[in-house]
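Here the structure comes first, spelled out in structure tokens, and everything after it is commentary.
The values are calculated or read from the model by the stated rules, or taken from the named source; none is laboratory data. None of these values were measured; they are calculated from a predicted model. For neighbour counting, all protein chains shown are included, and Cβ atoms are generated from backbone atoms with ideal geometry for every residue, glycine included.
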Amino acid sequence: MYVTAIIPAAGIGVRMGGTVRKQFLELGNMPVIAHAIMKFQTAGIIDSICLVAPPDMAEYCTSEIVKRYDFTKVAEVVAGGKERQDSVYNGLMRVDPEANIIAIHDGVRPFVTEDIIRETIITADKYGAAVAAIPEKDTVKEVSEDLIIGRTLNRKLLWRIQTPQVFRRDIIEDAFKMAKNDGYYGTDEASLVERAGHSVRIVHGSDFNIKITTPEELIFGKAILDYRQSLVCS
């Protein structure tokens, strides 16, 4: 098994506001994206990393992220596309030919653990496709455009999908090829794989494995970082 992680970090961060893109905001002593890459750098099951950067910041990511933090597993920094799906596709086209397992992880999810990474990879290797997720705790309503509740969904069947999302290479390439031919854009890689007729397994993620896209989530992220650092020091 040869595992390559694609880490898309090419977003513009419009929900965050400000002048610094969300993936480059400081979280503790490193940018958010550096925290995310570090988890895959130190995970023994990961063989290589493909970082997908904003086209105008590829050189910056190479010098100020990859080289600065000595991320030796990053084989290439690839320019992203217009949408996240385009960015992941660009990365997929550049991964090592030997890679037979592809792990895709949001560049703004800095708190994934090595256990989650390993479990999703092992499950995908066995079944073809696996994603990290957590069960929904709140009651979820389906609402019309004019904000009228239509029905209450069964939360026992609902999971909040996270990353990493991991696939055998043939499965994810088949899914992207079909989506590209049809001009279809999904909200995540698993939706493309589902659409191509493949089953996707759930692996338990973590409530700490948050995606930092808003100022409020950055506050939560700093609290998580402080909590984890307190555990190390205690």
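Summary table
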quantity: Condition check for Glu216: in contact with a strand residue (DSSP E or B) (Cβ under 6 Å, 6 or more places away or on another chain) and either exposed (fewer than 15 other Cβ atoms within 10 Å of the Cβ) or β-branched (Val, Ile, Thr) (or both); calculated: no
quantity: Selection count, segment 177-210, where residues are closer than 26 Å to Pro110 by Cβ and modelled with pLDDT of 95 or more; calculated: 19
quantity: One residue from Ile102, Ile134 being in a strand (DSSP E or B), under 17 Å from the mean Cα position of the chain (by Cα), among the hydrophobic types (A, V, I, L, M, F, W, C) and surrounded by fewer than 22 Cβ atoms within 10 Å (Cβ to Cβ); calculated: Ile134
quantity: Segment 137-155 - residue that is of a type in the set (Lys, Arg) and in contact with a strand residue (DSSP E or B) (Cβ under 8 Å, 6 or more places away or on another chain) and, of those, surrounded by the most Cβ atoms within 10 Å (Cβ to Cβ); calculated: Arg155
quantity: Neighbours by Cβ (under 9 Å, 6+ apart or cross-chain): first from segment 134-153, under 27 Å from Gln165 (Cβ atoms) and in contact (Cβ under 8 Å) with a residue 24 or more places away in the chain; second in a loop (DSSP other than H, G, I, E, B) and of a type in the set (Ser, Thr, Tyr); calculated: Ile134/Ser206
quantity: Residue tally, condition among the small types (Gly, Ala, Ser), touching a helix residue (DSSP H, G or I) at 6+ places or on another chain (Cβ under 8 Å) and part of a helix (DSSP H, G or I), over segment 105-128; calculated: 0
quantity: Residues (surrounded by fewer than 19 Cβ atoms within 10 Å (Cβ to Cβ) and not basic (Lys, Arg)) located in segment 59-70; calculated: Glu59, Tyr60, Thr62, Ser63, Glu64, Tyr69, Asp70
quantity: Residue list for segment 185-213, filter: hydroxyl-bearing (Ser, Thr, Tyr) and either surrounded by 15 or more Cβ atoms within 10 Å (Cβ to Cβ) or touching a Phe, Trp or Tyr at 6+ places or on another chain (Cβ under 8 Å) (or both); calculated: Ser191, Ser199, Ser206, Thr213
quantity: Residue, modelled with the lowest pLDDT, within segment 15-58, restricted to residues that are of a type in the set (Lys, Arg) and either under 13 Å from the mean Cα position of the chain (by Cα) or surrounded by fewer than 14 Cβ atoms within 10 Å (Cβ to Cβ) (or both); calculated: Arg15
quantity: Ala196 being out of contact with any Asp or Glu (no Cβ under 6 Å at 6 or more places or on another chain) and among the small types (Gly, Ala, Ser); calculated: no
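The rows are residues; the columns are (1) closer than 19 Å to Leu218 by Cα; (2) small (Gly, Ala, Ser); (3) in contact with a strand residue (DSSP E or B) (Cβ under 6 Å, 6 or more places away or on another chain); (4) not in a strand (DSSP E or B).
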position	(1), (2), (3), (4)
Phe40	no, no, yes, yes
Ile49	no, no, yes, no
Val52	no, no, yes, no
Glu59	no, no, no, yes
Val78	no, no, yes, no
Gln85	no, no, no, yes
Tyr89	no, no, no, yes
